[in-house]
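The values are calculated or read from the model by the stated rules, or taken from the named source; none is laboratory data. Everything numeric in this text was worked out from a predicted model, so none of it was measured. Every residue, glycine as well, gets a Cβ built from its backbone with ideal geometry; the counts of neighbours run over all protein chains shown. Note: accessible area is taken over every heavy atom of the protein model, side chains too, but ligands, DNA and RNA are not part of it. Shrake-Rupley method; radii C 1.70, N 1.55, O 1.52, S 1.80 Å.
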Amino acid sequence: EDGIRDYKVTGVQTCALPISPDGSGIASTDASTVVVDSSIVSYGTGIGVSADSGGTVALTYSDVYGNTDGEFSGVTDPTGTDGNVSVDPGFTAFVENDVDDDDLTLASGSALIDAGNPAVTDADGSGCDVGGYGGPSGSW
């Protein structure tokens, strides 16, 4: 199964997806559109972000990194544009293939702290962090 797969439109903001052991972190198929903002897609054993001939994926201020089968397939690599990066997320604690002990908050010094969408702020009023703990609902 894919991490996020939709057949119409999906919007994702401030999310961390270091899972999806059997497929893509994000997959767009059958003329679907997936919009992703300030999110992390990392360490999957499939492709990080993929789209078939009818699907589209729009990423902004996101990090796609370290996916076993590559970062992108069927999608133009957006790294370096629209705030997108491909860097080690710098999670507080992460061991591949061992979700029981993972802590997906960003460790101090992570390049993703305050690197999210500048139109969004974290709960403490600082710039939005990329990942599941960023944005107004984030708590790290």
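So, counting K/R as plus one and D/E as minus one, what does the shell of residues with Cβ under 11 Å around residue 71 add up to?
Net charge around residue 71: -3.
Given Cβ point charges of +1 (Lys, Arg) and -1 (Asp, Glu) and nothing else, what value in debye, to the nearest 20, does the dipole of region 27-95 about its Cα centre take?
80 debye
Using a basic spin-label model with each label point 7 Å from the Cα along Cα→Cβ, how many nm lie between residue 53 and residue 69?
In this crude spin-label approximation the distance works out to 1.9 nm.
On a 1.4 Å probe surface of the protein chains, which of 43, 133 comes out largest in accessible area, and what is the full order?
Descending order: 133, 43.
Based on the inverse mean of 1/r over its pairs of different Cα atoms, what is the Kirkwood hydrodynamic radius of region 47-140, in Å?
14.2 Å
Under a plain spin-label model, where a point goes 7 Å from the Cα along Cα-to-Cβ, how far apart in nm are residue 111 and residue 124?
Between residue 111 and residue 124, the simple spin-label model gives 2.2 nm.
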